[in-house]
Every structure is written in C-alpha cells, then in structure tokens.
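**Student:** Here it is, the structure, as structure tokens.
The values are calculated or read from the model by the stated rules, or taken from the named source; none is laboratory data. Here the structure is a predicted model, which means the values were calculated and not measured. Note that we place each Cβ from the backbone using ideal geometry, even for glycine, and neighbour counts take in every protein chain shown. What goes into the accessible areas is simple: the full protein's heavy atoms, side chains included, and nothing from ligands, DNA or RNA. Shrake-Rupley method; radii C 1.70, N 1.55, O 1.52, S 1.80 Å.
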Amino acid sequence: MTEKDKKRITKALGIPEPDRKKEFTEEFARRSEGMQKKPIKPIIMRITAAAAMLAVCIGALTLFPKHKTDFGGDDDIEVIETTTDHSVDGAIVPHTTSPVNTEGGVTVTTAAMTSGKTGTAVTTAQNGTTKAPASQRTTAAKTTESRSESRTTTAEHHEAETTTAEPIVQDPPVTAAPPRDLTVSPDVTYTVRDNTITEEELLTGKGSDGIGAPPKGDGDPPISPNDQKIQHMFDISYAVILAKVDKMVYTSIDRQAVTAEDITVEAVYGGSLNTGDRLTVFLRGGYMPAEEYMKYNRRAHIDNAEDYSVYISAGCRMAQEEGESYIFFVSDDDSGLPDGAFSPAEDGYCSVFIKRNGKYISLAGEELSFTEEQLARLQG
C-alpha cells in the first residue's frame with residue numbers, strides 16, 4: 001500500500017482502533033491486491049492478431065503483378081514488351097518473336113514510334129483454349145542502340161494488291177451410261193432342219209427339192225430413194241440404231257413364223273437407247289417345222305414333213321446373217337410380243353437396212369434406201 005493510499009483512507013475513515021488495525025490492514029491489502037492486478041491474456045491476443053494481419057497484408061502485396069497492363073479484355077492475356085534496334089528516325093520495323101501456338105487465340109502487335117533510334121513493340125497474345133508451352137513463351141527484353149552513325153531512312157508503305165482468282169468452271173465429265181441387257185426369250189423356238197423349202201414352193205408345188213431358202217443377192221434393181229418414207233420412219237421410231245446381230249432364234253406367235261434377233265447397239269442416231277445396250281427385235285417371217293406349218297395351211301402338203309423346215313420370207317428379199325451389222329428403225333410397241341421386246345417401226349423388213357455400195361438399202365428391196373448425208377440430215 002502506498003503512502004498516498006494510506007493518507008486517503010485515513011482522511012476518509014480516520015485511524016482504526018488499535019485492536020482492529022491488523023485485521024483492517026490485512027483486509028485492505030487483500031482487496032487492494034485484487035484491484036491492482038491487470039489482465040495479461042487480452043493484451044497478448046491483441047498483439048498476436050495485429051502481427052498476423054500485418055503478415056497477411058505483406059503477403060498479398062507481394063503477390064500482385066508489378067507490370068500488369070489492362071487491355072480491357074480477358075484475364076488470360078500475355079503482354080510482351082520488346083525494345084528493338086531496327087527503327088531509324090521514327091520508322092519502326094516490328095520484330096516477330098517465336099510464334100505462340102494457340103487454338104482460337106488472337107495475336108496483336110503494336111509498334112510504338114519514338115524520335116530516337118529505338119522503338120517499342122508490344123505484342124498482345126490473347127490465348128484461347130490452349131496456351132503455348134513454357135519453352136515457347138517470350139519474356140520482356142530490352143536492347144539499346146550501339147551504333148554511332150546517323151542516317152535518315154524513309155519508310156515506304158506498300159499496299160498489297162489483292163487479286164481474286166476467277167473460279168475455273170469445268171464441264172462435268174461425260175460418263176457413258178452402262179450397257180443394259182434388254183433381251184427377251186421367246187416361249188417356243190425352232191431349229192432349222194437340213195432340208196428347207198420356201199412357202200411359195202410349198203404352196204405352188206414348184207421347186208420342192210428341199211433347197212428352199214431366202215435369196216442371197218443384192219435385191220431388186222435400185223429405184224430412186226423415197227425421202228418421205230425415210231423421214232416418216234425416222235419420226236415414228238422409238239430409236240434409230242446401228243446394231244450387230246448376235247443371235248437369231250426362230251419361233252412362232254399366233255401361228256405365224258417370227259424371228260427373234262438379239263442385237264447389240266453400236267451407234268445411236270436417234271432415240272433413248274445407249275451404245276452397248278442389248279435388246280431383242282421380233283420380225284415377221286423365219287423358219288418353222290413343216291408339220292407345224294401344214295396344221296394352219298391345209299393347201300400345203302409335203303411328204304416326210306418332219307424332215308423339212310419351211311421358210312416364210314414375209315417380204316424379206318435379202319437374208320440376214322449373225323455377226324453382220326444393220327441399221328434398225330425400231331418401235332417399243334410390244335403388242336402381242338413378250339414384255340420388253342422391240343418391233344420394227346414399219347411392218348416387215350423395210351425397217352432394216354444393210355450397207356451396200358456406199359448407201360443403206362432396205363432388206364425389203366433397194367427401192368427404199370438412203371445415204372450417209374441423208375442420215376446426217378435426219379439427225380439434225
């Protein structure tokens with residue numbers, strides 16, 4: 001207890017009784033000791049908190065970038081500042097560093113002009129989804145001009161001329177249509193027997209010597225071509241073709257002899273067929289067994305009919321042969337014929353032509369013929 005405290009107590013209470021002085025002193029000292037003790041723990045906590053806050057502030061300051069340029073874009077922007085020595089008197093030639101491979105990124109190079117011999121090139125790389133590896137990143141570098149000579153260079157700006165290449169228009173390649181097999185097979189076929197006889201010989205009884213056959217000559221003497229007839233046949237034809245006879249099959253339809261010819265198209269002068277197409281043309285006439293012919297012609301009679309074949313010319317004056325080429329005027333009218341079969345545009349063999357002596361003559365006779373020039377005019 002200090003003297004000041006004693007004086008204040010004495011002044012306020014007076015001097016205690018002698019017998020209670022000791023008790024009063026002990027009680028006063030005990031209470032005074034409790035009042036004089038100050039708490040130490042709150043002070044230590046405050047000091048520790050202040051030190052921790054200071055450490056956090058210092059750490060945050062050290063993490064902030066010192067040279068951060070804000071370009072107003074994304075945070076993923078890398079700025080490279082390079083001072084080049086290629087500028088002279090205000091003309092700057094930007095220096096290109098190693099390319100940064102970015103996917104969907106944008107690279108912008110800006111050259112800052114100076115009045116001296118140095119320039120600053122700022123390259124801003126805005127990366128996309130893929131950044132360049134660390135080995136390709138370029139750090140800031142500054143160089144100084146070491147040359148002492150002075151010269152003036154005028155930088156010229158050359159505009160690149162843009163030339164738009166005209167597209168090359170190419171005609172599509174002409175591809176030939178693939179050949180089609182349009183042939184058909186008759187229901188009944190006949191073989192030609194060793195002994196043959198013509199229908200005329202059988203009916204008149206003349207020349208029944210078993211050697212009946214269509215004539216092999218050049219036909220009747222020529223008569224002037226009938227241009228109107230040829231033009232009419234060309235107009236009504238489904239197609240006008242040059243074709244080779246591959247096979248000839250003899251049959252009958254409605255008790256009439258018919259020849260089914262499988263042909264291959266070699267050239268097309270009109271119509272919708274293609275070169276290489278194979279088709280079957282049915283022509284009236286041909287061979288049939290003598291006994292079959294005699295069933296439908298009671299006037300006809302021949303002994304040993306099973307040994308003969310009867311030839312029905314149906315107007316054909318020159319026999320056709322397999323392997324030969326002819327010009328056919330064909331129709332797609334297959335009335336009374338197997339489905340898909342073709343028939344002559346005009347009835348009979350007048351629609352089939354063979355080339356003789358520089359012109360095409362009808363198998364029905366030379367009175368119907370045309371030349372190559374006439375055929376070209378028909379096509380035009």
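**Student:** So who's got an amide H within less than 5 Å of the one on Asp277, skipping anything under 5 residues away but keeping other chains? H placed 1.01 Å off N, in plane.
**Tutor:** Arg180, Val265
**Student:** List, in the order given, every pair from Lys244/Lys295; Lys244/Lys359; Lys229/Lys355 whose Cα-Cα distance in the structure shown is over 29 Å. Please report the intermediate quantities before stating the final value.
**Tutor:** Working: Lys244/Lys295 35 Å; Lys244/Lys359 17 Å; Lys229/Lys355 18 Å.
Result: Lys244/Lys295 exceed 29 Å.
**Student:** Using a 1.4 angstrom probe on the protein heavy atoms only, line up Phe234, Phe282 by accessible area, largest first.
**Tutor:** Phe234, Phe282
**Student:** When only the heavy atoms of the protein chains count and the probe is 1.4 Å, how do His301, His232 rank by accessible area, highest first?
**Tutor:** Details: His301 130, His232 85 Å².
The most accessible residue leads, giving His301, His232.
**Student:** A follow-up question, please. For a protection proxy built on the mean count of beta-carbon atoms within 10 angstrom, sort 255-265, 329-339, 194-204 highest first, please.
**Tutor:** On the way: 255-265: 20.5, 329-339: 15.3, 194-204: 16.8.
My ranking of the peptides, most packed first, is 255-265, 194-204, 329-339.
**Student:** Could you give the radius of gyration (one decimal) and Dmax (whole number) of the Cα atoms in the range 222-313, in Å?
**Tutor:** Gyration radius and largest Cα-Cα distance of the range 222-313: 17.7, 49 Å.
**Student:** Take the Cα of Glu291, step 7 Å along the line toward its Cβ, and report every residue of the range 235-267 whose backbone nitrogen sits under 18 Å from that point.
**Tutor:** Only 251-252, 255 pass the distance filter.
**Student:** Here's something else I'd like to know. Roughly speaking, to the nearest percent, how much of the range 239-380's 1.4 Å accessible area is carbon and sulfur? Write out the running numbers ahead of the final one.
**Tutor:** Values: 2390 of 6050 Å².
Of the solvent-accessible surface of the range 239-380, carbon and sulfur hold 40 percent.
**Student:** So how much accessible area does Lys355 have, in Å² to the nearest 10, using a 1.4 Å probe?
**Tutor:** Approximately 100 Å² of Lys355 is accessible to the 1.4 Å probe.
**Student:** Run the numbers for Glu200 and Gln228: contour at 0.36 nm per residue of separation, minus the present Cα-Cα distance, in nm. Write down the numbers at each step before the final one.
**Tutor:** Working: separation 28, 0.36 × 28 = 10.08 nm, distance 3.18 nm.
Full-extension gain reported as 6.9 nm.
**Student:** Still on this structure: As an exercise, use a Förster radius of 25 Å and the Cβ-Cβ distance of Asp246 and Ser272 to find the FRET efficiency, rounded to the nearest 0.05.
**Tutor:** Values: r = 21 Å, r/R0 = 0.83.
Plugging the Cβ-Cβ distance into 1/(1 + (r/R0)^6) gives 0.75.
**Student:** Note down the Stokes-Einstein diffusion coefficient of the range 268-367 in µm²/s, whole number, using a Kirkwood radius over alpha carbon pairs, 4 °C, and 1.567 mPa s.
**Tutor:** 83
**Student:** Regarding the range 341-380, what are the three Cα extents along the principal axes, ordered largest first, in Å?
**Tutor:** 29, 23, 14
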